[in-house]
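Asks: The structure's right below; bear with me while I get my questions together.
The values are calculated or read from the model by the stated rules, or taken from the named source; none is laboratory data. All of these numbers come straight from a predicted model, not from anything done at the bench. Backbone-built Cβ (ideal geometry, glycine too); neighbour counts: all protein chains shown. The area values use the complete protein model at the heavy-atom level, side chains included, leaving out ligands, DNA and RNA. Shrake-Rupley method; radii C 1.70, N 1.55, O 1.52, S 1.80 Å.
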Amino acid sequence: MDFNYTEEQQMLRDSIGKYLEKSYDFDTRQKLVRSEAAWSQEAWQQFADFGLLALPFSEEQGGLGGSISDCVAFAELFGKHLVIEPYTSAVMLSAPALAASANPAAQDWFAKVIGGEAVVAFAFEEGHGTPSAAHITMTAEADGAGYVLSGEKRLVIAGAEAHALVVAARSQEGAPALFLVEAGAAGLQPRAYRTIDGRSAADIRFDQVKATALDLPGKALDDIIAHAVIVQCAEAVGAMGALCAITAEYAMTRKQFGVPIATFQAVAHRLADMKIAYSKARASLLYTTALAQGGAATQRDIAILKAQTGKLGRAIGEAAIQTHGGVGTTDELNVSHYHKRLIACDAMFGDHAYHFRKIGEG
């Protein structure tokens, strides 16, 4: 099995990489995070122009017929550049739910998302920190031709700025389902904030909020989350690779006693451990992506990837900070920001400890 990127994927990576190197360097990114803007509208439009918003969807749906491996190919670059735009939330989570629904309103929103005209956030988390739909407690009660939602969602990426929300709730029959809520609906109360890694998020209170059912098959939610987790892990792996390169360069140039600290045995071993951890995480990513590409990835495979990526990412971040010393914890240096991104990626949809337990149970 060939795990190398195809020529087309490499061309896409090169184009996106050049754009991010030129227009999304660390200083530019930091100015954006410190501004009042939730993310860069210019960057989002550029992603649309590259076709990234439409890439994961079939041509019959109005997309470009891309695959999960196509998404992984450029998601690594998003991690390398600490992109804060809500790609995973809007394109990998909300858009597939909209695309799979026969509801005309859902189809209209889907067209707007892949065209770059709107952002639809995905409201799933309720404070349990797992990808399991069994933990959903938000209720959806029938109200005429529609439903009303009551409860609270947490850590909704782009939740305060989104034009609409795809919300996971429990129907009267007890099964988890997905619902569409338009921004500004009566009873919708978002509280916006920045996440630890600089992204815009919100905790949202729903008080009898009117919603439309998307009527997806029961297994659809698990499949959507599984693909999103793979892309999220690709971002984490991209951040790991950047940290390895940054730390190795620092160790070769930072001198003590007249020699680079990379020549010290303890530092050399730490750098080697970082490289091994990165190689393991990336190998897991490419293997799981290949399984998903062939429709053979199981929930256990996704759990293994998430557990490996979370644990190894934290180890790499901690080793990078230890090698840089005190300066590695400062806001001015990108090292601490990569570590924060890896912590955030680990926490979302179940941290590594949760997924290792799931593997053990399986």
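Asks: On a C-alpha basis, how far is the centre of the range 37-94 from the centre of the range 236-251 in Å? Whole number, if you could?
Replies: Cα centroid to Cα centroid, the span is 23 Å.
Asks: Which value in Å does the Kirkwood hydrodynamic radius of the range 49-137 take, with 1/r averaged over all unlike C-alpha pairs and then inverted? Don't jump to the answer; show the numbers that get you there.
Replies: Values: mean 1/r = 0.0712 Å⁻¹.
The answer is 14.0 Å.
Asks: Give me the 1.4 Å probe accessible area per residue for the chain, excluding ligands and nucleic acids, in Å². Working shown, then result.
Replies: Values: 15990 Å² over 362 residues.
That works out to 44 Å² per residue.
Asks: OK, next. Using protein chains only and a probe of 1.4 angstrom, how many square angstrom of Asp70 are accessible, to the nearest 10?
Replies: 30
Asks: How many angstrom lie between the C-alpha centres of the range 283-353 and the range 153-178?
Replies: Measuring centre to centre over Cα atoms gives 26 Å.
Asks: With +1 assigned to the C-beta of every Lys and Arg and -1 to the C-beta of every Asp and Glu, and no other charges, what is the dipole magnitude of the range 2-156 about the Cα centre in debye, to the nearest 20? All intermediate terms of the calculation are to be shown ahead of the outcome.
Replies: On the way: 10 positive and 22 negative charges, 87 e Å.
Computed about the Cα centre, the dipole is about 420 debye.
Asks: Please list 258-266, 272-280 highest first by mean number of surrounding beta-carbon atoms within 10 Å per residue. Don't skip to the answer; put the middle values down first.
Replies: Details: 258-266: 12.2, 272-280: 16.2.
Result, highest mean first: 272-280, 258-266.
Asks: Heavy atoms only, probe 1.4 Å: what % of the accessible area of the range 1-157 goes to carbon and sulfur, would you let me know? Show your work: numbers first, answer last.
Replies: Numbers: 3320 of 6870 Å².
About 48 percent, which is the carbon plus sulfur part of the accessible surface.
Asks: Would you mind computing the Rg to Rh ratio of the chain from its alpha-carbon coordinates, Kirkwood style for Rh?
Replies: On the way: Rg = 20.6 Å, Rh = 21.0 Å.
Using Cα coordinates only, the ratio equals 0.98.
Asks: In whole percent, and with a 1.4 Å probe on the protein chains, what portion of the accessible area of the range 279-362 is carbon and sulfur?
Replies: Details: 1970 of 3630 Å².
For the range 279-362, the apolar C and S fraction of the accessible surface comes to 54 percent.
Asks: Moving on. Looking only at the chain, where both bridge partners belong to it, what percent of the DSSP beta bridges are antiparallel (to the nearest 5)? Mind showing how you got there, number by number?
Replies: On the way: 32 of 37 bridges.
About 85 percent, rounded to the nearest 5.
Asks: Tell me which of Gly146, Val156, Ser58 sits at the most positive position along the dipole axis of the chain, charges placed on C-beta atoms (Lys, Arg +1; Asp, Glu -1).
Replies: So the residue furthest toward the plus end is Val156.
Asks: Counting pairs of Cα atoms in the range 1-109, how many percent are more than 22 Å apart? Could the numbers behind the result be given before it?
Replies: Working: 2132 of 5886 pairs.
In whole percent, the long-distance tail amounts to 36.
Asks: How large is ³J(HN,Hα), in whole Hz, for each residue of the range 73-82 in order, when computed from phi with the Karplus curve 6.51 cos²θ - 1.76 cosθ + 1.60 and θ = phi - 60°, using x for Gly and Pro?
Replies: 4, 9, 5, 4, 5, 4, x, 4, 9, 6
Asks: Another question about this same structure. Can you give the Kirkwood hydrodynamic radius for the range 26-83, in Å, rounded to one decimal and based on Cα pairs? Don't skip to the answer; put the middle values down first.
Replies: Working: mean 1/r = 0.0787 Å⁻¹.
Taking every pair of different Cα atoms in the range 26-83, averaging 1/r and inverting gives 12.7 Å.
Asks: Let me ask something additional. With every protein chain present, what accessible area does Phe47 have (1.4 Å probe, heavy atoms only), rounded to the nearest 10 Å²?
Replies: 0
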